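Here the structure comes first, spelled out in C-alpha cells, and everything after it is commentary.
The values are calculated or read from the model by the stated rules, or taken from the named source; none is laboratory data. Predicted model, so just to flag it, every value in this text is computed and none were measured. Positions of Cβ are backbone-derived with ideal geometry, glycine not excepted, and every protein chain shown enters the neighbour counts. Keep in mind that these areas ignore ligands, DNA and RNA; they rest on the heavy atoms of the full protein, side chains included. Shrake-Rupley method; radii C 1.70, N 1.55, O 1.52, S 1.80 Å.
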Amino acid sequence: MLTSIRFAIRQLVKSPGFTVIALVTLALGIGVNTSMYTLVDVLLYRSAPFPEPERLLFIQGLTAQGQPDGFANAEIDEMRAQAATDPNSAFESITSWTQWNNAYAEPGQTAERLLSLDASVDFFKTFGVQPMLGRTYNADEEVPGRTQVAVLTNEFWQRRLGGDPKVIGQTLRLNAEQVTVIGVMPPGFGYPLFFGPIDLWRPMTVPQFIVNDRNNHFFAAVGRLRPGVTAAQADAQLRPLLARWAHDYPQRSTGRGLRLMPLQKAILAGSPFEFLTLLLFGVGLAVLAIACFNIANLQLARAAGNTRDLAIRSALGASRRRLIVHQLTESMLLALAGGALGLQVGRWSNQLIGGSIPIGPSQTLEMTMNPTVLIAAFLITTLAGLLFGLVPAWLASRGDLVTSLKQQSRGSTSSRETHRLRNSLVVAEVALSLAMLAAAGVMIRGFSALLERPKGWDTNRVLLANIHLPEQSRYADSDKRAQAIDQLARRLRQIPNAEHSAVCSSPPLFGYSKNVPIQVAGVTSDDTTKQPIAGYTMVSPEYFAALGIPFLEGHTFPEELKREGPPVVIIGETLARQFWPHESAIGKRIGDREGDRVVWREVIGVVRDVEDALNPSAPSTMLQVYKPCVQEPWGYLWLIIRSPAPANFKNEMRKAVADVDPDVAVQELVTVPEAVNRYMRPFLVINDTLGGFALLGLGIAALGLYGVLSNIVAQRTGEFGIRLALGAKPLDVLGLVVGKGMLLTGIGLAIGAGLGVVLNVAIRASLPRAGSLDPVTIGLVSLALLTVALLACWVPAYRATRIDPLDALRAE
C-alpha cells in the first residue's frame, strides 16, 4: 500500500495542472455540499438544545382550511388538565406561551421594546432546564395582579445588565410597572430559531380579554412525552378533544385539526424557507456531482494517455488488480486532499451565509459543523474518490496488451466504451448546470419582479413605526385604547410638512391583522367552515390617503364616527366584485362573528386591492376588509407618515409617541425600502447563494467540456495532420471539433431544459408570488450556457487547426 501511495504522489506531482484543477474542483464541490448540509442540519434536523429533545413535541393547531393556527388559552388548559388527570396520558406535561411586547424604560432614556415569552408556570419543567441564578415563577405569580416578576435570558443579562451576579431582586420598569428579576437562565436556553429573539420570560401578563376568548388562537403549545410514548399515540389521545370542541363550539371549532412535530421540524414547517433550504441542498449535491463527473473525465483522459505505460507495466508482470489499486489510490489521495480543502471552504461558506441571515436584532444564524456533518463530509469524500477513480481505473486496465504496446504515446486513443462514458459525463454536467441555472434564474427574476411589482399602495413615500400599548396595565380598557389611538392620530397630524398620517393595526407588509370567516346575506352559508375568509385590518380615517390607496367608490370613515355608532367597513375590490359583480357594494352588509353573535356591518367604501410588500408566499385570502380603529381599538399598532422624504421624520415620530406616553416604546421605525432590506434579506441571501452556486456549476461544466475536447484534439493529432496534409481546410477541422462539442452540449441542454421545467413548477408551487412558469428564463439560460460551451469548444478546436501536418506525420 505504501508503494502505491508513493507512486500515486509521484504521478500527481508530475501532472501539476491536472492536480491543481482536480483539487480546486473537489474543494469547491465538497465545500459547497458540506455548507448546504450544515444549513439543512441546523434548520431542519439538529436537535433542540434541551434535555431529551426527542420527547418534546410542538402541538400546532390547524384551521378548518388546513392553515397553521394557534390555540385559545382555554384549549391548552384542557389539554393540560387531560394530561394531569389521565394516568395513561401520553404527556408528562404540556406548556403554553405567547410572545408579548414590553416597553422597557430606564430613567432619562427613551423607552425600548423587550420581547418576552408570557408562559405558563410549567414552561421550565416541560423544557427540563432550571435557572442559572435565582428561580422561576410559581403558580401564585400567575394570578392577575401578581405577575410583576421576570426571568431573564442569559444574553439580555450579559448585554444590558453587565452579567451582574447580584441582579436577583433588582427591578426593571416594564410597561410602566416595576418588575422584579427573580432568575437568569443558562446560555442558549432562549433558542432564537424556535422562540425568536426573546429577552425574558414572564407569567401570563396577556390581557384577560385575550386569555378568556376562545376565538383568539393566540397561544402555542409544547408537550413533553412520557418515556416510551410515540407521537402517534399522543396524537390519538388529543383527537377526542377536537371532537369535543367541535360539538361544544361548532361555530368556531368545526373542522379544526392539529399536527404534532419535533421542535426542530417546527422551525420552518410550511414556510418558504423550508423549500428554499432543500433547494439549496439539492444545488449543493448537483455541484458536487458535476465536480465528480469532471474529475472522472480528467482521470479517463489521463488513463487514455497512459494506456501504453499501463501496457508496459502489465507486460512486466503487474496484475490487473495492482493496476486498479494504483489508479484508485491516486483518486482517493485526490479525494482526501480535496475533502480537507473542502471542509475549509465549507467553514468559510458557513460564516458568509450564516452571517448574512439575521435571526434577531443583533443575532445571525450560527452554522457550525457538528460530528454528523463531519462524518457526512468524510463519506462524501470517500464516495467521490470511488466514483471518479474506480470506473476509469477499471476501463484503463482492460486495454489490449499487444495493441497498446504498438501505440506511440502521442497516438494513443480511448476505447469506444471510454468515449461513451466521457461523453455521457459531459452531457450530465451540461444538463445539471442548465437545471441549476434555470432554477436560479427563475428565482432571481421572480424575486426581482416581486419586489418591483406595484403593490397597489405607495411604498416609497411612507414611514412606519410599530408600538404596543400596554394592554395588561393602563390600557386594559378598550375605551382607553380608543382614546390613546385618537391622541396618537391627532399628535401625528401636528408634525410639520407631513402630507398625511394615520394609525392602523397592520400595514400591508406581512399580512392582515386577523383572518375572519364572513357572511353575506343570502349568498354565503351559516356554516363557518363553508364561509369565505377575509383579512381584516383596523385603520384610522386617513389610512388610505397616507398609503396612497385609491377609492373606487364611497368614502373613508368619518372623523366623527363613535365606538357605539353603526358598524361600518370599507372593502377591497375583489370582495366587492365577488359578491356584487354587477352592482354597487355601497350600502350592502357583511357579517362576522363576535363571540356567539354575528355583527352586520355596512359597506361605505370600496378601495383598490393591495399586496403585502414583505410576503413572498401567496396571501391567505384576497378578500380585504377594513374596520375603523375606534370600533375595534387594538393595543398593537402601526403609525404612518406620508412624505416625499419619509426617513427625515424618524425623530418626529419618536417625539410624537413620547408626547402621548413616554412609557410606550417605538419598536420598529422604518421606511418600506429599509423594511424590505431587513426582512427580505434572508431570501435575497439564499437567492444570491443559489445563483452563485449555479454559476460555479456552470464553470466546472465548461471546464469539463474544454478538457474532453482538448483530450480529443491531443489523441487525434495524427488524424488531423493527415486531413490537413490531404487538403482539408482548417475550417473543416474546426467544424469537426466544435460540432462534437455542440452535439454533446445540445443533448445536455435538452435534458437540462426538462429538469429546469420540473424545478420551475416546484418553485411556483412553493413560492407562488416569486416563482412562475418562465420559459423565457430557461431559454435565456440555455442560450448563455450554449455560448459558454461554444467558447469552451472553440479553444481546443482552434488548436487543432494549428497542427503542422509534417509534425503530426513524423509523430506517427
Quiz item: According to the square roots a ≥ b ≥ c of the eigenvalues of the Cα gyration tensor, what is the shape class of region 500-622, taking rounded for a/c under 1.5, prolate for a/b larger than b/c otherwise, and oblate for the remainder?
Solution: rounded
Exercise. With +1 on each Lys and Arg Cβ and -1 on each Asp and Glu Cβ, and nothing else charged, work out how big the dipole of region 84-215 is about its Cα centre, in Debye to the nearest 20.
Key: 280 debye
Quiz item: Counting only residues 5 or more places away or on other chains, whose amide H sits under 5 Å from the amide H of Ile357 once H atoms are built in the peptide plane?
Solution: Leu365
Quiz item: Once phi is turned into θ = phi - 60°, what whole-Hz ³J(HN,Hα) does the Karplus curve with 6.51, -1.76 and 1.60 give for every residue of region 198-215, x standing for Gly and Pro?
Solution: 7, 10, 7, 10, 9, x, 4, 9, 4, x, 5, 5, 7, 4, 8, 8, 6, 7
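Leaving out ligands, DNA and RNA, what percent of the accessible area of region 100-190 is carbon and sulfur, probe 1.4 Å? Please report the intermediate quantities before stating the final value.
Values: 1890 of 3810 Å².
So the carbon and sulfur contribution to the accessible surface is 49 percent.
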Self-check item: Stretchable slack from Ala269 to Val24, in nm (0.36 nm times residue separation minus alpha-carbon distance)
Solution: 84.6 nm
Quiz prompt | Length gained when the stretch Arg654-Ala750 is fully extended (0.36 nm per residue, less Cα-Cα span) | solution = 28.7 nm
Quiz item: Which Cα, out of Pro358, Ala762, Ala545, lies furthest along the positive dipole direction of the chain (beta carbon charges, K/R +1, D/E -1)?
Solution: Ala762
Quiz prompt | Order of exposure, largest accessible area first, which applies to His582, His326, His247, His419 with probe 1.4 Å | solution = His582, His247, His419, His326
Quiz item: Taking R0 as 22 Å, what's the FRET efficiency between Leu695 and Ser356 from their Cβ-Cβ distance, rounded to 0.05?
Solution: 0.80
Quiz item: Tell me, what is the percent relative contact order of the chain, built from C-alpha pairs under 8 Å that lie six or more residues apart?
Solution: 17 percent
Practice problem: Mind giving me the nanometre distance, one decimal, between the label points for Arg678 and Glu559, set 7 Å out from Cα along Cα→Cβ? | Solution: 3.2 nm
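Calculate, for region 437-578, the solvent-accessible area per residue in square angstrom, rolling a 1.4 angstrom probe over the heavy atoms of the protein chains.
Computed with neighbouring chains in place, this is 41 Å² per residue.
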Quiz item: What angle, in degrees between 0 and 90 and rounded to the nearest 10, separates the Cα long axis of helix 2-14 from the longest principal axis of the Cα atoms of the chain?
Solution: 90 degrees
Quiz item: Say R0 is 56 Å: what FRET efficiency, to the nearest 0.05, do Arg6 and Tyr798 get from their beta-carbon distance?
Solution: 0.90
Exercise. Please name whichever of Ile295, Val664, Leu469 sits farthest to the positive end of the charge dipole of the chain, dipole taken about the Cα centre and charges placed at Cβ: Lys and Arg +1, Asp and Glu -1.
Key: Ile295
Quiz prompt | Reach of Lys125 by Cα under 14 Å, taken over aspartates and glutamates that are not fewer than 8 positions away in the same chain | solution = Glu52, Glu92
Quiz prompt | Label of the coordinate-derived value, Rg/Rh (Cα atoms, Kirkwood Rh), listed as (i) 1.02; (ii) 1.15; (iii) 1.08 | solution = (iii)
Quiz prompt | Efficiency of FRET from Cβ geometry, Leu383 and Arg214, R₀ 51 Å, rounded to 0.05 | solution = 0.40
Quiz item: Relative to the longest principal axis of the chain, what angle (0 to 90°, nearest 10) does the C-alpha long axis of helix 650-660 take?
Solution: 30 degrees
Quiz item: How far is it, in nm, from the label point at Arg420 to the one at Glu78 when both lie 7 Å from their Cα along the line to the Cβ?
Solution: 6.7 nm
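Per residue and in cubic angstrom, what volume does the convex hull of the Cα atoms of region 470-570 have?
165 Å³
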Quiz item: Under 20 Å Cα-Cα from Lys588, which lysines qualify once same-chain neighbours fewer than 8 residues away are excluded?
Solution: Lys627
Practice problem: Figure the gain on full extension for Ala246 and Lys166 (residue separation times 0.36 nm, minus the Cα-Cα span) and round it to one decimal in nm. | Solution: 23.7 nm
Self-check item: Note, ³J(HN,Hα) from phi for region 607-617, Karplus 6.51, -1.76, 1.60, rounded to Hz, x at Gly and Pro
Solution: 10, 4, 5, 10, 10, 6, 7, 10, 10, x, 7
Quiz item: What 222 nm value per residue comes from the helices of the chain, counting each DSSP H run with n ≥ 4 as -39,500 (n - 2.57) and dividing by all residues, nearest 500 deg cm²/dmol?
Solution: -16500 deg cm²/dmol
Practice problem: Provide the net charge surrounding Gly346, with neighbours chosen by a C-beta distance below 15 Å and charges set as Lys +1, Arg +1, Asp -1, Glu -1. | Solution: -1
Quiz item: Which Cα, out of Leu285, Val607, Ala576, lies furthest along the positive dipole direction of the chain (beta carbon charges, K/R +1, D/E -1)?
Solution: Leu285
Quiz item: Helix 681-715 sits at what angle to the longest principal axis of the chain, using alpha carbons and giving 0 to 90 degrees rounded to 10?
Solution: 10 degrees
Quiz item: Taking amide hydrogens as modeled 1.01 Å from N in the peptide plane, which residues meet the under 5 Å criterion relative to Thr254, leaving out close sequence neighbours?
Solution: none
Quiz item: Just how far, in whole angstrom, is region 465-498 from region 725-746 if you go by their alpha carbon centroids?
Solution: 77 Å
Quiz item: With the other protein chains left in place, how much accessible area per residue, in square angstrom, belongs to region 728-798 at a 1.4 angstrom probe?
Solution: 49 Å²
Quiz item: Once label points are set 7 Å from the Cα along Cα→Cβ at both Ser47 and Glu668, what is their separation, rounded to one decimal in nm?
Solution: 3.6 nm
Self-check item: Whichever lysines have a C-alpha closer than 26 Å to that of Lys740, once near sequence neighbours (fewer than 8 apart) are set aside
Solution: Lys729
Practice problem: On the protein heavy atoms, probe 1.4 angstrom, tell me the percent of accessible surface of region 192-269 carried by carbon and sulfur. | Solution: 56 percent
Quiz prompt | For region 291-299, Karplus couplings with θ = phi - 60° (6.51, -1.76, 1.60), whole Hz, Gly/Pro x | solution = 4, 5, 4, 5, 5, 4, 5, 5, 5
